[in-house]
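Only one structure is covered here, and it is reproduced in the block below.
The values are calculated or read from the model by the stated rules, or taken from the named source; none is laboratory data. Just so we're clear, the structure is a prediction, and the values are computed from it rather than from any experiment. Cβ placement follows ideal geometry from the backbone for every residue including glycine, while neighbour counts extend to all protein chains displayed.
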Amino acid sequence: MVSIRFLDGLRTGHSQIDDSHRIIIDILNDISLAAEAGNTARCRELMIVFSEVCELHFAAEEMVLNSARFPGAEEHAQFHRQLLGRVRGFLGHFLDGADIFEIRDGLEELAGLIIDDVVKGDLSFRSYLIEKGLATP
Ligand SMILES: [Fe+2]
Ligand SMILES: [Fe+2]
């Protein structure tokens with residue numbers, strides 16, 4: 001079972017970005033609970049929401065980085081496109097009728113993607129935003 005906690009080390013210090021990371025993690029934990037309960041219909045609903053929330057989050061984060069003129073903004077946007085491709089790939093496979101065991105396995109992968117890539121990847125612009133006064137240390 002996947003259970004992620006939003007630890008302090010994952011904070012970017014930008015309140016809007018941190019709030020949406022918390023929401024993404026909450027949805028992922030909810031999918032995991034639904035998967036544990038064997039509720040595939042609920043997993044499906046939440047998986048669609050997860051994919052949409054990730055998409056909106058990436059777009060909002062890119063706007064923050066672009067308006068702050070973060071030098072790595074384009075590279076980070078490219079990174080988001082890759083992540084979104086993986087999230088959508090998982091969603092597509094899932095909607096095609098993956099069974100509950102595949103969903104549970106896939107969730108582990110998705111959780112790793114969110115933690116190692118989405119949240120930690122964002123720590124690369126943390127100090128830049130703090131320097132610009134857009135995030136709090
Ligand atoms: Fe992010
Ligand atoms: Fe990001």
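Among the residues of segment 57-80, are any of a type in the set (S, T, Y), surrounded by 15 or more Cβ atoms within 10 Å (Cβ to Cβ), outside any loop (DSSP other than H, G, I, E, B) and within 16 Å of ligand 1 (Cβ to nearest atom)?
no
I need the full set of residues from segment 103-137 which are touching a Phe, Trp or Tyr at 6+ places or on another chain (Cβ under 8 Å) and either part of a helix (DSSP H, G or I) or among the acidic types (D, E) (or both), in order please.
I103, G106, E109, L110, D117, G121, Y128, L129
Could you identify the single residue in T12, T40 that is surrounded by 17 or more Cβ atoms within 10 Å (Cβ to Cβ) and more than 12 Å from ligand 1 (Cβ to nearest atom)?
T40
Being surrounded by fewer than 18 Cβ atoms within 10 Å (Cβ to Cβ) and either among the hydroxyl-bearing types (S, T, Y) or in contact (Cβ under 8 Å) with a residue 24 or more places away in the chain (or both) is the filter; apply it to segment 86-98 and report the residue that is farthest from K132 (Cα to Cα).
L95
Can E74 be described as modelled with pLDDT of 90 or more, within 12 Å of ligand 2 (Cβ to nearest atom) and farther than 18 Å from I27 by Cα?
When the stated conditions are applied, E74 does not pass them.
Looking only at segment 30-82, how many residues end up being of a type in the set (S, T, Y) and within 30 Å of L134 (Cβ to Cβ)?
The number of residues fulfilling the criteria is 2.
Determine which single condition L83 fails, assuming it passes every other condition in (1) within 12 Å of the chain's Cα centre (by Cα); (2) crowded, with 19+ Cβ neighbours inside 10 Å.
(2) is the only condition that L83 fails.
Could you tell me whether A34 is surrounded by 14 or more Cβ atoms within 10 Å (Cβ to Cβ) and either free of Cβ contacts under 8 Å to residues at least 40 places away in the same chain or in a helix (DSSP H, G or I) (or both)?
Considered against the rule, which asks whether it is surrounded by 14 or more Cβ atoms within 10 Å (Cβ to Cβ) and either free of Cβ contacts under 8 Å to residues at least 40 places away in the same chain or in a helix (DSSP H, G or I) (or both), A34 comes out as yes.
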